[in-house]
Structure formats: structure tokens, C-alpha cells
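A.B. asks: Before I ask anything, here is the structure I am working with.
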Amino acid sequence: MSKLKKIVEDSKNQKMKVIDLSDRGIQNLNEVPGLMMLEHVTHLTMSHNKLAAVPPSIGELVNLEMLNLFNNHIEELPTSLSGLMKLKILNLGMNRLSHLPRGFGSFAKLEMLDLSYNNLSENSLPSNFFFMTTLRTLYLADNDFETFPANINKLQDMQVLSLRDNDLISLPKEVGELLKLKELHIQGNRLTVLPPELGNLELTGPNNVFKADRNPWVAPILEQFMLGNSHVFGYIRSDTYKYLHGRHIHAEPAPPPKKDDKAKKACRKPLHNKNK
Amino acid sequence: VSMTSQLSQASCIRCRGGFSSDEHMVNSNGEIYHEDCFVCAQCFQKFPEGLFYEFEGVKYCEHDFHMLFAPCCGKCEEFIIGRVIKAMNNNWHPECFTCKLCNTPLADVGFVKNAGRSLCRPCHNREKALGLGKYVCNKCHSIIEEEPLRFKGDPYHPFHFNCDNCGKELTAEARELRGELYCLPCHDKQGIPICGACRRPIEERVVSAMGKHWHVEHFVCAQCEKPFLGQKHYEKNGHAYCELHYNQLFGDVCYHCNGVIDGDVVSALNKSWCVKHFQCTCCNTKLTLKNKFVEYDMKPVCRKCYEKFPLELKKRLKKAAESEKK
Ligand SMILES: [Zn+2]
Ligand SMILES: [Zn+2]
Ligand SMILES: [Zn+2]
Ligand SMILES: [Zn+2]
Ligand SMILES: [Zn+2]
Ligand SMILES: [Zn+2]
Ligand SMILES: [Zn+2]
Ligand SMILES: [Zn+2]
């Protein structure tokens with residue numbers, strides 16, 4: 001513990017803006033006294049610890065631009081988190097979040113948000129989630145979304161959207177309005193068709209990423225995937241496809257069943273060694 | 001007006017009747033009246049305070065005289081006593097006959113008819129100049145046929161001024177500087193920077209960039225034309241751009257900081273990074289392309305972090321990578 005205290009002391013004396021507290025077995029931030037008084041800190045990394053909660057005093061670190069809490073045991077976030085007006089990068093990947101606090105979407109400058117590998121679904125998002133119009137990247141891989149809110153079209157600066165390995169049965173057509181989108185990850189879902197509006201986007205260039213395998217695509221789409229992504233985009237832009245898609249939606253087919261390959265997710269298992 | 005004692009043979013000039021001994025008579029300039037006959041020819045009332053007006057031998061009280069004979073002012077509609085200005089088919093008090101544009105009294109300076117209006121000469125000239133698309137000199141009030149010289153915002157004939165430094169008569173090329181006028185060579189000798197955009201001297205804050213000087217509000221992005229106002233700008237081919245437009249037009253933008261990459265570019269995972277921003281997304285350790293890193297949703301992850309991933313996830317990711325290759 002004295003090692004943690006020394007890091008805080010050093011940062012205080014030398015006005016260090018970057019603090020790395022990753023992989024130190026921290027279970028509770030009380031173990032790092034004085035941390036929340038380091039107002040000058042701009043980058044704080046606390047990945048690979050055992051934090052179950054983030055205390056409200058995190059809001060005191062008003063100069064934080066990057067906060068990395070990847071791979072902890074976090075179930076609860078304080079509402080004060082979104083009061084960090086300078087925060088641009090927030091990594092909450094690989095935690096145990098099944099909901100987000102009220103008002104979570106009120107970050108003023110957040111550009112990159114990573115919520116991969118949690119237990120989130122469309123019902124976990126607070127109503128102001130899509131107010132974060134500064135977001136450039138949103139990672140939600142390995143969560144439990146079955147549908148995705150049409151409000152995604154409010155996030156007009158979105159460049160990367162990752163929804164890999166969720167339970168999505170459809171993709172909202174509004175994704176086709178994200179004209180700055182460079183990467184779309186939708187592999188490992190229950191998608192059978194793509195909205196024709198996705199054809200508005202250019203996702204097949206050298207600086208783009210379009211990953212869509214491991215979905216139960218209808219046969220005509222699957223055939224195009226065999227030929228390559230550019231064929232898929234050519235196809236969904238065609239009038240033939242628009243017609244087929246309309247008929248498919250109209251028929252209201254039953255969604256494909258859930259796969260259970262995520263059943264063993266670490267964030268779902270109860271914590272046996274949870275202290276205090 | 002006076003009253004006299006009786007005069008037996010006298011008779012009233014109005015009713016021709018005589019006067020009894022105890023009757024008052026009124027004498028007005030030698031004409032004698034009964035008191036009751038010395039009245040206004042219009043309203044038959046005595047003259048207030050004995051004051052009357054005479055026109056063609058008939059006497060009227062002030063009110064009726066004005067009603068019948070005095071001219072009315074075309075502006076204030078009051079009677080005009082004293083000097084009447086006859087102009088524009090109407091009568092005016094001298095102080096009421098003014099320029100329709102600037103209200104200068106015109107009685108003594110004369111006027112010009114302009115589109116049914118009476119105008120002073122300067123206003124008339126200005127109106128005429130406007131009609132011709134020209135300016136009127138603020139000093140001599142005549143039309144400026146050539147290029148005007150602007151001084152404190154107003155147009156002038158340049159020849160009314162001399163250079164404050166060398167005394168030469170000025171041309172339209174002259175420049176105003178701190179309230180004085182200078183010919184162009186004398187102006188330039190004073191070392192005042194000239195704005196690279198509007199070519200006018202910069203007297204307030206100077207922005208120096210791209211080998212030129214600029215008014216703060218004239219140093220703008222070549223694409224969106226918004227002034228930088230002290231914000232960072234990016235130069236390319238002799239033009240300045242805001243960050244956004246530089247990026248859109250030429251930039252390698254860093255995935256991490258979203259800024260234009262200064263110096264070397266790390267290209268990996270279909271993205272670009274500043275050298276210092278290419279780091280493990282899980283622990284923020286700096287990476288280089290020589291380090292072994294793992295791709296995780298097209299983000300770089302160092303080996304140490306990847307080892308810590310749940311076994312279940314590593315298995316799925318491995319399987320997914322295999323299915324992707326097929
Ligand atoms: Zn009268
Ligand atoms: Zn006038
Ligand atoms: Zn003049
Ligand atoms: Zn001169
Ligand atoms: Zn200028
Ligand atoms: Zn611009
Ligand atoms: Zn960068
Ligand atoms: Zn790492």
C-alpha cells in the first residue's frame with residue numbers, strides 16, 4: 001500500500017499529469033488516499049484492478065481527459081462521472097455494468113466511449129445517452145443488445161460503431177445517416193437482413209472496417225458476402241434488394257434464436273472472492 | 001385712439017348719427033364714431049384693447065383680419081405675421097421653410113427644387129450624386145467625379161488635403177493613420193503593417209503568419225473563411241486552414257487525439273496514430289509497430305493485457321478470427 005501512497009505523493013509534488021495505477025490489485029479507491037485530490041491529473045489509468053464501484057469523488061478530478069477503468073468489477077458508476085467536463089476518452093470495457101447512471105449522457109466533450117464486455121442492453125441506456133454528440137467511437141461489443149435505438153442518428157460525429165457479439169435481431173436504418181462512419185462491427189449477431197439505407201455509407205475503402213460475419217443472413221445477402229463486402233454494398237443499393245427487404249420486413253419473420261456462446265462471459269459469473 | 005368732449009355738429013362716420021351731450025365719442029385718426037359703432041366689420045365686437053387692422057378702408061379685429069387676409073404657413077399652419085416666404089406655391093414663416101432632408105432654414109441661403117422637395121444645396125448635390133452612383137464631398141458639397149478620399153468615414157475630394165508628412169496634395173491613394181492623412185509613400189515609411197487580405201493598415205492587434213501581417217478578423221481558413229481568432233492553423237501550399245478543413249483536405253488524423261498528425265504517422269488497423277498516441281487501449285502503454293500487439297475490435301492491445309483477457313473471450317475471439325478468414 002505504501003507504494004500506492006508514494007505514487008500519489010510523487011504526482012502531487014511533481015505535478016505529474018499522467019498516473020498509471022493499472023494491475024495493482026486495488027479493490028477500493030480508499031486504498032489510494034489523496035488520489036481524488038490530484039486536481040492537476042489529466043490521464044488516469046486503473047485497468048486490471050478489482051474495483052467494484054467508482055466513488056462519487058471521481059468528479060473532483062476536474063481536469064481528467066482520459067480515464068481507463070478497463071477490466072475491473074464495476075457494477076455501479078456515480079452520476080458525478082459525467083460531470084467531468086474535459087473527459088474525452090472513457091474506457092469502461094470488461095466490467096460488470098448492467099445499467100448506466102441517470103444522466104450518463106451529459107458529458108460535455110466525450111469522444112471515445114468503450115463499454116465492451118459488460119451486461120448492457122437497449123434497456124440499460126439512460127434517456128440522454130444520445131445527447132453525447134461529440135462521440136467519435138462507441139464500442140459495445142460483447143453486450144446483450146437485441147435492438148439498437150434509432151437515436152443513434154443523433155451522434156453525427158460517429159466514426160466507429162462496434163456491436164460485435166450482441167443479440168441484435170435488426171440494425172436500425174438510422175445507422176445509414178452516420179455519414180462520418182468509417183468502421184461498423186456487427187459480426188456475431190442474429191441479423192438476417194441489412195437496412196438498404198446502409199448503402200448510403202462508404203464502408204469498403206482502405207481506411208474502413210465492415211465486419212458482419214457470423215450472422216444468419218438471408219441467402220441473397222450471404223451470396224454477396226461470399227464475393228466480398230463491396231458486393232454486399234452494391235447489392236443493398238439495388239432496387240431489387242430494396243424490394244426484397246421491404247417484403248422481408250412486411251412478412252415479420254420470427255427472429256433467429258439466441259446463441260449461447262456468451263453464456264460463460266466472465267462479467268456474468270458471480271464474484272466469489274468479493275471482499276468486504 | 002382717444003375720447004373727446006362733445007362737439008355739437010359732429011356725426012359718426014359709420015351710422016351718420018349725431019352725438020348727445022353726455023355721449024362718448026371715439027376718435028380714430030380724426031374719424032369719429034359712437035362707442036358702439038367703433039367695432040370689427042366682421043364680428044361687430046369692440047376691438048380687444050383697442051387694437052384693429054385696416055384693409056381697404058375697413059377695420060377688423062386681429063382674429064378676423066387673420067381669418068380673412070393673413071397667409072397661413074405651409075408647415076405649421078399658423079398665420080404669418082411679418083416676413084412671409086413665398087416659395088413652392090405656398091407661404092412660410094422664415095423659420096419654417098427648411099431643407100426637407102437636413103432641416104437647415106432656407107430663407108437666406110436659397111434652395112433647389114429636387115423631385116418636388118425644397119433642398120439646401122449640399123443635400124441636393126448629395127441626392128444628385130446618389131442618383132449617379134457618386135459621392136458628395138463633405139467639405140465643398142459638390143459631386144466627386146473621380147475616386148473619393150475617405151477620411152474619418154466621410155468622402156472628400158482628395159485635393160482638399162495635403163500629406164501630413166511631406167505636404168504634397170493628396171490623391172485617392174492616400175491613407176488615414178491615427179487621425180491624419182498621408183500620401184502612400186509617406187504612409188508606408190511609418191512601418192505600419194498592411195493586412196495581407198484587405199490591404200489596409202493594421203492599427204489594432206496584428207497576426208503575423210505565412211510571411212504576412214493580418215487583421216485578426218481577416219486571417220481566415222481558406223476553406224470555410226472563418227477567422228482563426230488565435231486558434232491553431234495549418235499551412236499548405238501557401239494557404240492557411242482550420243484544423244477541421246486541413247484534416248478533410250490533407251490530413252492524417254490521429255485515431256486517439258483526433259488531431260492532425262504532426263510528424264511521423266503510425267498506420268495500423270486501418271487507422272492512423274501520432275507516434276506518442278499509438279498505445280494499448282487497455283493499459284495505455286506506448287506501442288510501436290515492432291511490439292507484438294493483438295487486434296481487438298481493430299484496437300491495439302499489448303500482449304500483457306491480452307493475457308489477462310478471460311479465457312472464454314480469448315477462445316471466442318480466436319474462433320471468430322478463424323471464421324472471418326474463411
Ligand atoms: Zn372682428
Ligand atoms: Zn438640407
Ligand atoms: Zn470638395
Ligand atoms: Zn507625403
Ligand atoms: Zn484586413
Ligand atoms: Zn475551415
Ligand atoms: Zn494523436
Ligand atoms: Zn496493455
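The values are calculated or read from the model by the stated rules, or taken from the named source; none is laboratory data. Only a predicted model underlies this, so the values are computations on that prediction, with no experimental measurement involved. Here the Cβ positions follow ideal geometry from the backbone for every residue, glycine too, while neighbour counts run over all protein chains shown. For the accessible areas, the whole protein counts, side chains as well, though only heavy atoms, and no ligand, DNA or RNA atoms are used. Shrake-Rupley method; radii C 1.70, N 1.55, O 1.52, S 1.80 Å.
Yes or no, residue by residue, for (1) open to solvent by less than 90 Å² (accessible area, probe 1.4 Å); (2) within 60 Å of the chain's Cα centre (by Cα); (3) away from ligand 5 (no atom under 16 Å from the Cβ):
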position	(1), (2), (3)
B:20	yes, no, yes
B:33	yes, no, yes
B:37	yes, no, yes
B:58	yes, yes, yes
B:62	yes, yes, yes
B:78	no, yes, yes
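A.B. asks: Also, quick follow-up: Looking at residue B:225, is it in contact (Cβ under 8 Å) with a residue 12 or more places away in the chain and over 19 Å from residue A:111 (Cβ atoms)?
C.D. replies: Numbers: in contact (Cβ under 8 Å) with a residue 12 or more places away in the chain: no; over 19 Å from residue A:111 (Cβ atoms): yes.
Here the answer is no, as residue B:225 does not meet what is asked.
A.B. asks: Could you look through the stretch A:18-67, keep only residues that are of a type in the set (S, T, N, Q) and within 18 Å of residue A:112 (Cα to Cα), and pick out the one that is farthest from ligand 2 (Cβ to nearest atom)?
C.D. replies: A:47
A.B. asks: Quick check on my filter: what residues within the stretch A:79-122 are of a type in the set (Asp, Glu) and surrounded by 23 or more Cβ atoms within 10 Å (Cβ to Cβ)?
C.D. replies: Across the stretch A:79-122, the qualifying residue is only A:114.
A.B. asks: Identify, please: which residue in the stretch A:117-131 is assigned to a loop (DSSP other than H, G, I, E, B) and either touching a strand residue (DSSP E or B) at 6+ places or on another chain (Cβ under 7 Å) or of a type in the set (Gly, Ala, Ser) (or both) and is, among those, nearest to residue A:163 (Cα to Cα)? Quick ask: steps written out before the conclusion?
C.D. replies: Initial filter on the stretch A:117-131 (assigned to a loop (DSSP other than H, G, I, E, B)): A:117-121, A:125-128.
Those left that are additionally either touching a strand residue (DSSP E or B) at 6+ places or on another chain (Cβ under 7 Å) or of a type in the set (Gly, Ala, Ser) (or both): A:121, A:127.
Working: A:121: 11, A:127: 19 Å.
The residue in question is A:121.
A.B. asks: Within the stretch A:237-262, restricting attention to residues that are loosely packed, with under 10 Cβ neighbours inside 10 Å and in a loop (DSSP other than H, G, I, E, B), which residue is nearest to the other protein chains (Cβ to nearest Cβ)?
C.D. replies: Across the stretch A:237-262, the extreme among qualifying residues is A:260.
A.B. asks: Same structure, new question: Check whether at least one residue in the stretch A:44-56 is farther than 30 Å from residue B:300 by Cβ and free of Cβ contacts under 8 Å to residues at least 40 places away in the same chain, and report yes or no.
C.D. replies: yes
The rows are residues; the columns are (1) away from ligand 1 (no atom under 16 Å from the Cβ); (2) within 14 Å of another protein chain (Cβ to nearest Cβ); (3) part of a strand (DSSP E or B).
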position: B:65; (1), (2), (3): no, no, no
position: B:77; (1), (2), (3): yes, no, no
position: B:82; (1), (2), (3): yes, no, no
position: B:91; (1), (2), (3): yes, no, yes
position: B:118; (1), (2), (3): yes, no, yes
position: B:124; (1), (2), (3): yes, no, no
position: B:131; (1), (2), (3): yes, no, no
position: B:141; (1), (2), (3): yes, no, no
position: B:146; (1), (2), (3): yes, no, no
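A.B. asks: Do we have residue B:188 as assigned to a loop (DSSP other than H, G, I, E, B) and either away from ligand 4 (no atom under 16 Å from the Cβ) or away from chain A (no Cβ under 14 Å) (or both) here? Full working, then the answer.
C.D. replies: Details: assigned to a loop (DSSP other than H, G, I, E, B): no; either away from ligand 4 (no atom under 16 Å from the Cβ) or away from chain A (no Cβ under 14 Å) (or both): yes.
When the stated conditions are applied, residue B:188 does not pass them.
A.B. asks: Still on this structure, I have one more. Would you be able to say whether some residue in the stretch B:175-183 is out of contact with any Cys (no Cβ under 7 Å at 6 or more places or on another chain) and either open to solvent by 80 Å² or more (accessible area, probe 1.4 Å) or among the β-branched types (Val, Ile, Thr) (or both)?
C.D. replies: Checked against the condition, which is being out of contact with any Cys (no Cβ under 7 Å at 6 or more places or on another chain) and either open to solvent by 80 Å² or more (accessible area, probe 1.4 Å) or among the β-branched types (Val, Ile, Thr) (or both), the stretch B:175-183 yields at least one hit.
A.B. asks: Next question. Could you grab me the full set of residues in the stretch B:28-48 that are at pLDDT 85 or above and farther than 15 Å from residue B:15 by Cβ?
C.D. replies: Once the filter is applied, which keeps residues that are at pLDDT 85 or above and farther than 15 Å from residue B:15 by Cβ, the stretch B:28-48 yields B:40, B:42, B:43, B:45, B:46, B:47, B:48.
A.B. asks: A further question on this structure: What are the residues in the stretch B:207-225 that are in contact with a His (Cβ under 9 Å, 6 or more places away or on another chain) and either surrounded by fewer than 16 Cβ atoms within 10 Å (Cβ to Cβ) or assigned to a loop (DSSP other than H, G, I, E, B) (or both), if any?
C.D. replies: Residues satisfying the conditions are B:209, B:210, B:219, B:221, B:222, B:223, B:224.
A.B. asks: At least 2 residues that are open to solvent by 30 Å² or more (accessible area, probe 1.4 Å) and either touching a residue at least 40 places away in the same chain (Cβ under 8 Å) or within 13 Å of another protein chain (Cβ to nearest Cβ) (or both) in each: list the strands (runs of 3 or more DSSP E) lying fully within the stretch B:234-315 that qualify.
C.D. replies: B:265-268
A.B. asks: Let me ask another. Picking from A:229, A:215, which residue would you name as being within 14 Å of another protein chain (Cβ to nearest Cβ), at pLDDT 90 or above, surrounded by 11 or more Cβ atoms within 10 Å (Cβ to Cβ) and more than 22 Å from the chain's Cα centre (by Cα)?
C.D. replies: A:229
A.B. asks: Just to be sure before I move on: is residue A:64 out of contact with any Cys (no Cβ under 9 Å at 6 or more places or on another chain) and crowded, with 21+ Cβ neighbours inside 10 Å in the structure I sent?
C.D. replies: yes
A.B. asks: Looking at the stretch A:176-190, can you tell me whether even one residue there is of a type in the set (Asp, Glu), within 14 Å of another protein chain (Cβ to nearest Cβ), at negative phi and open to solvent by less than 30 Å² (accessible area, probe 1.4 Å)?
C.D. replies: yes
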